[in-house]
Each structure stands twice: as structure tokens, then as C-alpha cells.
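Let me begin by presenting the structure, written as C-alpha cells, before commenting on it.
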Amino acid sequence: MIRFTRAAAAALLACSVALPAGVATAATPDAPAPLSAAQPARAAALPAPTGPYSIGSTVLPLVDRSRTDPWVPTADGRALMVTLHYPAARPGDGRPAPYATREEARLLAAQIGPAVSGDVLARTRTHSRTDARPVPGRRPLVLLSPGFGVSRWTLTHLAEDLASRGYVVASVDHAYESSGISLPGGRILTCVACTALDEGGVHGSMVTKTRAADMRYVLDRLTGPRPAWRYADVIDARRIGMAGHSIGGASAASAMVADPRIDAGINMDGSFWEDLPAEGLRGRPFMMLGTHDDMHLPGGTDTTWDRTWTALDGWKRWITVAGSEHFTFSDGPVITRHFGLPQPELPADRAVALTRTYVAAFFDQHLRGLPRPLLDGPSPANPEAHFQHR
């Protein structure tokens, strides 16, 4: 099951994903307490980024017509929506970038429950400006893949923070795998894959394999000879990383297996749906960042983490965060706090700070060659972060 907070999980998504075979599910959470029908009229604001750069943002609609979409074979190729965040030259360039379209936000809000207004959710304030001119220079690229059933914009606080630190970030929506993706012209793609996995007996590895192919195509269109983005020359194709939340995190490992261009990866609290090959990731670094509970502690109910840890053959870290929940590693804490949903033990501000800090440290060290002692072991500044297998 996709977990949001232990108290509110049952109200989050109508389409949930079972864990891989052999992985026990967590105990069913108690039903959430009744929530007030009164909804905040003001929009939430994402936490301010921590880096020195202003942030630009642009949306790229892509279609890979060399492939048949696995969920809707009659579709005209495999549709992807990509949001790029990047360091911007001037803070005043462009308009404020939207968080989500109204229809995307409405569809997700309908699955969370009556406490959340889709209109208010769509108006969440970001810190980026549309189509601002990038800062000159070559930048590492980080690919982001969201959890199953949710869209790329649920990772916006992390994407903006990485961009403010000097990265180009490509957040990818995968067709028919979220509550709703808006395409150009107003067409909406809903979660056909949810039904396929919940009712059709399709294994989750179909998602991770498909997302690996999606990321290969995105890399081709961003770093190939005819790039889809007019500022693509700011991307340093020799320094590419990938992170994802939930099944998006599992897809990071699958994408690294499939594409040697991806130099480093992070799985944020996702069960692995595919075993690594005998050669592991051919020495490339990988970090597992998850909940400090019976799921993702060593020997936990999600046995895929123990199995993958053993198969990783390069630099690796397994970090669990005390008080976290499944959606701690996304915009979830900001959303639940704003709408008065039950809160996990870990406060939203700490959830955001810890996710940003460890993800950025990992990519700084492995894409930029900057030593980050934070990754060497426990830190008094972050007592919630526990290093496993040390």
C-alpha cells in the first residue's frame, strides 16, 4: 500500500500498490479521525530553497513514438511530461511557475479526501520563474521520478532546492501512472496502470522497466544531437544522477542498470521490484533513504532492501529517518500540514530539511566530486538520521 501518514493513509489514494511477492505489508493504519469540511482559502507556500541561485522552470511535453505505451497500446507513443528546474540568471525573469494544473490538483485532492481543495492545492506557491534564462556554465543533471499514483510536482520542493544549489533537475511524469497528467491541449491521462496492478495481476517490475526506458528517452532528448530544450547546452552529460520516491526510487536502480549514462542513484522509501544483476551497478554509487520502522530497517518486512543492499557493489549508504512516513520524502509534509491532516512524528520542516540535505550531499559528492562528511556517519545536527550496516 502507498503510505502517506500512518493515520491518513487510508484516505490518500484509491489505487494502491501491493508490495512485491515475499514482502509483508505494514499493519493497516487506524482510520483517520473525521476532518473538518472547512478548508483553508489561502494557498500553501513551498519552503524556500537553500542554495544561492534563483530558479527557472519550464515544462517539456515529450512523446516517444518508437515505443508502444504498455498501459494503453492504442496511444500514439509513450507520452511524458517533464518539468525542468535550473539555476536562473536573474530573479525577476518570467512569471511565477505554477505548482500544478487545476485538473491535476483536483484529481489528486479527490483521492486524498474532502479535507483537501484541489483549487487551493493547485495554487501552492513555488519559488521558480517560467522560462527564465539559465546561469551560464555546465551543470550536472538530476532526474526525478515520483511515486506511483502521484505526479512529478509532488517532488517540487526537492527539485527547486537542487536547482538553487546549481543542478539542472528534470522531474518526469510517466503516462497513465498518476491520478492525472495534463497534456498540451487540455487532455488528461489518468491512472490506467493503477487498475492494471491492483486488479489485473500485473507485476510492479513492469512499472520500473517502463520508467527506465522513459528516462533513457528523456536523456536522449536533453543531451542528444537535437535537444528538446533550447538551453540544453547548460547540461553536463558527463554528470547525471537519478532519484525517485517510492516506485520512482526503485526505478532509479532499474534505470541505472539499463543506462550507463546515469552515474549515481537514490531510492527514497521504495520497495525494489527487480533484483540487481550479478554485476550490481558496476561500481556506481547508490543510496537508500527510508523510514526508520519495521519496513526499512535491516531485517524489516520489506526484504527487497536487504537483498538489494547485498547486491550493491559500489559506494553505498542505507539511511533511515526516525519519525518519518512514506511521503516524508516528497511534498507530502507541506501538503498535509497546510490542510490540517494528521501529522507524523517528524515535523514538516525537519522532513523537508533532512530530505534536501542528504539528497544534495549525495549528488554533491558523486556528481561534483565535493567531499561531504555528512555521508560518513551520524551527525549531531541530524539526530533523526540513522546509518545502517556500519
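The values are calculated or read from the model by the stated rules, or taken from the named source; none is laboratory data. Because the structure is a prediction, the values reported are computed rather than measured. Here the Cβ positions follow ideal geometry from the backbone for every residue, glycine too, while neighbour counts run over all protein chains shown.
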Which of the strands (runs of 3 or more DSSP E) contained wholly in the stretch 281-387 include at least 1 residues that are within 30 Å of GLY118 (Cβ to Cβ)?
-> 286-291, 316-321
Residue check: is THR126 of a type in the set (Val, Ile, Thr), at pLDDT 95 or above and under 20 Å from the mean Cα position of the chain (by Cα)?
-> yes
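Residue-wise test of (1) surrounded by fewer than 20 Cβ atoms within 10 Å (Cβ to Cβ); (2) within 26 Å of GLU279 (Cα to Cα); (3) of a type in the set (Asp, Glu).
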site	(1), (2), (3)
GLY314	yes, yes, no
ARG317	no, yes, no
VAL321	no, no, no
GLU345	yes, no, yes
LEU354	no, no, no
HIS366	no, yes, no
PRO378	yes, no, no
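Yes or no: LEU158 aliphatic (A, V, I, L, M), crowded, with 16+ Cβ neighbours inside 10 Å, in contact (Cβ under 8 Å) with a residue 40 or more places away in the chain and under 21 Å from ALA44 (Cα atoms)?
Details: aliphatic (A, V, I, L, M): yes; crowded, with 16+ Cβ neighbours inside 10 Å: yes; in contact (Cβ under 8 Å) with a residue 40 or more places away in the chain: yes; under 21 Å from ALA44 (Cα atoms): yes.
Yes: the conditions hold for LEU158.
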Any chance VAL82 is aliphatic (A, V, I, L, M) and without any contact (Cβ under 8 Å) to a residue 60 or more places away in the chain = no
Within the stretch 264-279, the residues that are on the phi < 0 side of the Ramachandran plot and either hydrophobic (A, V, I, L, M, F, W, C) or buried (at least 24 other Cβ atoms within 10 Å of the Cβ) (or both) are ALA264, GLY265, ILE266, ASN267, MET268, GLY270, SER271, PHE272, TRP273, LEU276, ALA278
Within the stretch 118-150, which residues are more than 18 Å from THR223 (Cα to Cα), in contact with a Pro (Cβ under 9 Å, 6 or more places away or on another chain) and of a type in the set (D, E, K, R)?
-> ARG123, ARG125, ARG129
Residue within the stretch 173-195 that is closer than 27 Å to ARG282 by Cβ and in a helix (DSSP H, G or I) present = no
So, of the residues in the stretch 61-76 that are among the hydrophobic types (A, V, I, L, M, F, W, C) and within 23 Å of the chain's Cα centre (by Cα), which turns out to be farthest from LEU183 (Cα to Cα)?
-> TRP71
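Just give me the residues in the stretch 197-244 being of a type in the set (S, T, N, Q) and either within 20 Å of the chain's Cα centre (by Cα) or part of a strand (DSSP E or B) (or both), in sequence order.
Initial filter on the stretch 197-244 (of a type in the set (S, T, N, Q)): 205, 208, 210, 223.
The answer is SER205, THR208, THR210.
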Would you point out which residue out of MET287, MET242 is farther than 24 Å from ALA79 by Cβ and crowded, with 24+ Cβ neighbours inside 10 Å?
-> MET287
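Here are ARG307, ARG282, ARG337, ARG261: which of them is at pLDDT 95 or above, of a type in the set (D, E, K, R), at positive phi and surrounded by fewer than 20 Cβ atoms within 10 Å (Cβ to Cβ)?
Numbers: ARG307 fails: at positive phi; ARG337 fails: at positive phi; ARG261 fails: at positive phi.
After applying the criteria, what remains is ARG282.
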